[in-house]
Structure formats: C-alpha cells, structure tokens
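Structure first, commentary second.
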Amino acid sequence: MRRGKTLNNFGILFILGFFAISLTGCYKFKGDQTVPAYLKIDSINVETYFPDEGSNSSKITDVWAYVDDNLVGVFELPALFPVLAKGRHKLQLRAGIMLNGISSTRVPYPFYLPIDYTDFEFFEDSVQTPPDLTTEYYPGLKFAWMEDFENEGLKIDETSISDTVIKRTQEGAFITPTSKYSGVINLTEEKPIYSAVSYELYPMPKEGSPTLLELNFKTDNYFNVGLLIQEEGQIIKLPLVILAHSEEWNKIYINLGPNLSLHAKATGFKVLLEGGLEMDKQSAAIYLDNIKMIYRDL
C-alpha cells in the first residue's frame, strides 16, 4: 500500500479531539504505539446485478471499521479517523445506515457484504484511503418484491378506500442509467386519499429472519408505510414509518422483521402504502421508486 500524506501538527490535534468525541467501540492495540495511522473514507458505493437485484441506489451514512475483527469505531461519512495500528493487519469496513431513517438507530446494513482487506498495511502519521470502496448484496438473498416502475404492469394494488392511483412518470423521476421512470401519486382536494398494497400476499419469513424494505422517495406530503398481516382469518394493520417531506430524492431502509416475528400464526403479509392530503393543502405529489422487499432465511 502506498504511504499516504502526512498530517501537520494542527491536523493531528484536531482529529485526536474529534476522535475522543466520536469514536465508539473499545478496541485497544497491544504495545506502546502512541502515533496513529489515519483512514480517510469519503463514501462507499454499492454494485448490483440489475436484473435480479434492482437499482444500486443507496444511502450509506456511516462506516463501521474493524481491525483484526475488533471494532475500532463507527464514523459518519465522509470520515477521517485515527487507528492505533502499524504494519499489516486485517481491516474490515461495513456500510452503515440509519434504520427506519432514524439517526439514533445506526447499524451496519445486514444485506451488504463487508469490504475485507486481509493484509492492509497501516503507516503511522499518514492518511490512507483503502482501495475499491464498493460493496454488494450478500448472495442468496430473497428479493421478494421489486418495483422500479420501468415496466407498465405495476406490482401495486390500490385498495377500496383509495380515490387515486399511482402512475408512471418521467417528469421528476429518479434518473439513473437503469431508471427512466418513477411512480407518482397526485393528491388533490377532490381525490385526497391514496391507499395501496404490494401485489402479492407474501409468505411469512422464518422467525427472526432479517426482512427489510428499501425505497426511494420524494414528497411534499407525509406518507405512511406499514404492513397488512393475514392472521387467523383477520387482517391486522400495522403502521410502521411516516416518510417526512423531502424536496430531493431520499432513501430509507425500513425494518420489517421484528413486527413480522410477533405474528407467528400469520399466513402471509403485504406491504401497505398510504397517504392523505394534508390540511390547508390543495394538492400534493408523492414520488416513489426502487422499492425492494428483501429477506434472508436463517
């Protein structure tokens, strides 16, 4: 590994102060090393196989850093942080997210592979950026529901209480090399309610199986995401997350697993999408894209 740029004394003092405030974890290296190496990580990318895994859109907010399988800390991106290591060590980086869009629930995303460097060489008093900061989904995941709005036949069903529908649109869409269309819900005073579910009734994952919903959104109206669970002849409605106003395209990772695990006798479930025109508004537009419901059997 090429030796990185050396920090000046001011930079070292600043980062050590930041380190004392922001570092989580309790990793301590053996020996008497007092001058750290520094890792600089601006972002982590995601690579997907589009036909099976959909868009590579992501919202990776943090990096979880491990040296020799010990947690060094959790750092908000872009990050520059010290590591008390020199010479060759195992380095592992995990992409972190805000679960359910909440800053206090920062976790390594369980469906992204860790980025491993089996023989990373640390240099004291130097700034290094690890190469190939790209992750991908674990193999063997179940992409039970995907809707990217690129095809005319949508995998979304409006319910009986909905007085409007979701439509494909290119205006204001989430545009990438694999995306030209998004879904838009227009709410008006004449048609103020939207309510829809995923097209199929999905079998319940095994108890404890990680199950998450990913989606991109842009909205000037609050919007609800939840579950409809079919259990013992009745339908149970579980609101989960309210999507807040966002003028720009945003992304959220919603944890479905704990709520599904509470219903061991259920025969299946659907994802619920709902919104009502806010008071004092004459109209609103809710954009959705890259919806994925993913789980992994234990």
Where a Cα-Cα gap under 16 Å defines reach, which lysines qualify for LYS281, not counting those fewer than 8 residues away within the same chain? LYS191
Would you list which aspartates and glutamates come within 12 Å of LYS237, measuring only between C-alpha atoms, while excluding same-chain residues fewer than 8 positions from it? GLU274
For the range 88-104, 3J(HN,Hα) per residue [Karplus equation, 6.51 cos²θ - 1.76 cosθ + 1.60, θ = phi - 60°, Hz, x = Gly/Pro]: 8, 9, 7, 10, 10, 10, 10, 6, x, 10, 9, 5, 6, x, 9, 5, 7
With 0.36 nm assigned to each residue of separation and the Cα-Cα distance removed, GLU200 to THR188 gains 1.5 nm
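Per DSSP H run of n ≥ 4, the term is -39500 (n - 2.57); total these for the chain, divide by its residue number, and report the mean residue ellipticity at 222 nm rounded to 500 deg cm²/dmol.
It lands at -2000 deg cm²/dmol.
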How about the range 169-261: which GluC sites (Glu not before Pro) there are in a DSSP loop, with at most 10 other Cβ atoms within 10 Å of their Cβ? GLU171, GLU189, GLU190, GLU232
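Among ARG94, ARG168, rank each residue by its count of other Cβ atoms within 10 Å, from fewest to most, as a rough exposure measure. Walk me through the numbers on the way to the answer.
Numbers: ARG94 23, ARG168 15.
The fewest-first ordering by Cβ neighbours comes to ARG168, ARG94.
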Tell me, rounded to the nearest percent, the portion of alpha carbon pairs in the chain spaced more than 33 Å apart. 35 percent
Whole-Hz couplings from phi, Karplus 6.51/-1.76/1.60, listed for the range 264-271; x for Gly and Pro: 5, 8, 5, 9, x, 8, 10, 7
What are the aspartates and glutamates whose alpha-carbon lies under 13 Å from the alpha-carbon of LYS155, with same-chain residues fewer than 8 places away excluded? GLU147, GLU200, ASP289
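How do VAL63, VAL83, VAL197 line up, fewest other C-beta atoms within 10 Å first? Numbers along the way, then the final one.
Working: VAL63 27, VAL83 23, VAL197 20.
Sorted ascending by nearby Cβ count, the order is VAL197, VAL83, VAL63.
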5 Å is the cut-off here: which amide hydrogens, built 1.01 Å from N in the peptide plane, fall below it relative to LEU256, excluding neighbours closer than 5 in sequence? THR211, LEU212, LEU213
Report the net charge of residues surrounding PRO205, where surrounding means a beta-carbon distance below 10 angstrom and charges are Lys +1, Arg +1, Asp -1, Glu -1. +1
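Going down the table (LYS142/LYS180; LYS167/LYS292; LYS59/LYS206), which pairs top 23 Å between alpha carbons? List each step's numbers first, then the result.
Numbers: LYS142/LYS180 25 Å; LYS167/LYS292 18 Å; LYS59/LYS206 27 Å.
Over 23 Å Cα-Cα: LYS142/LYS180; LYS59/LYS206.
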Applying 1/(1 + (r/R0)^6) with R0 = 41 Å to the Cβ-Cβ distance of ASP280 and VAL165, what FRET efficiency is obtained, to the nearest 0.05? 0.95
If the chain between THR48 and SER209 were fully extended at 0.36 nm per residue, the gain over the current Cα-Cα distance would be 55.8 nm
Run the numbers for GLU150 and LYS265: contour at 0.36 nm per residue of separation, minus the present Cα-Cα distance, in nm. 37.8 nm
Environment charge at GLU231 (Cβ cut-off 12 Å; Lys +1, Arg +1, Asp -1, Glu -1): +1
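Counting Lys and Arg as +1 and Asp and Glu as -1, what is the net charge of the other residues whose Cβ lies under 13 Å from the Cβ of LEU113? Please list the in-between numbers first.
Numbers: positive: ARG94, ARG296; negative: GLU47, GLU53, ASP116, ASP132, GLU136.
In short, -3.
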Measuring from centroid to centroid over Cα atoms, what is the spacing of the range 261-294 and the range 32-105 in Å? 30 Å
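Every read-out reported here was derived from the displayed coordinates using simple, explicitly stated rules and does not represent laboratory data. Computed from a prediction, not measured in an experiment: that's the story for all the values here. For neighbour counting, all protein chains shown are included, and Cβ atoms are generated from backbone atoms with ideal geometry for every residue, glycine included.
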